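Q: So that we are looking at the same thing, I have put the structure below in structure tokens.
The values are calculated or read from the model by the stated rules, or taken from the named source; none is laboratory data. Values in this document were obtained by computation on a predicted structure and should not be read as measured data. Here Cβ is always computed from backbone atoms with ideal geometry, including for glycine, and neighbour counts include all displayed protein chains.
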């Protein structure tokens, strides 16, 4: 009879299942690493955009500061507002335990607070010169 020797029969079901487990563990670790990297990269890009936007707003106020009639005290206060906002944004984007939805709400709240602080620093006449008669700082009617 043509009987196949037992050591040439290949792998059994248990052996195959045992060999799959390390592959699944490595695959799971790779997926977790990729997800972590993507999240970290997304947060970095958002922080960079936020930090890029703040100096633009600050430069705009400084450039038109003479036209608007900003005092040295107002310029110093606006600078302090922007530095504080940048620090708060950095803290928001580096906090990995903060859920994405809550981070988005916090950033929106930070922008609103920034806008309110800028408006509180400017006189009504300066606001009219800087933003126009019926415009808000963000350009919306």
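Q: What's the total number of residues in the range 89-102 that are surrounded by fewer than 17 Cβ atoms within 10 Å (Cβ to Cβ) and in a helix (DSSP H, G or I)?
A: Selection size over the range 89-102: 6.
Q: If residue 43 passes every condition in (1) at pLDDT 75 or above; (2) surrounded by 15 or more Cβ atoms within 10 Å (Cβ to Cβ); (3) more than 20 Å from residue 126 (Cα to Cα) but one, which one does it miss?
A: Just one mismatch for residue 43, condition (1).
Q: Moving to a separate point now. Is it the case that some residue within the range 125-140 is within 30 Å of residue 36 (Cβ to Cβ) and at pLDDT below 85?
A: So far as the range 125-140 goes, no, none of its residues is within 30 Å of residue 36 (Cβ to Cβ) and at pLDDT below 85.
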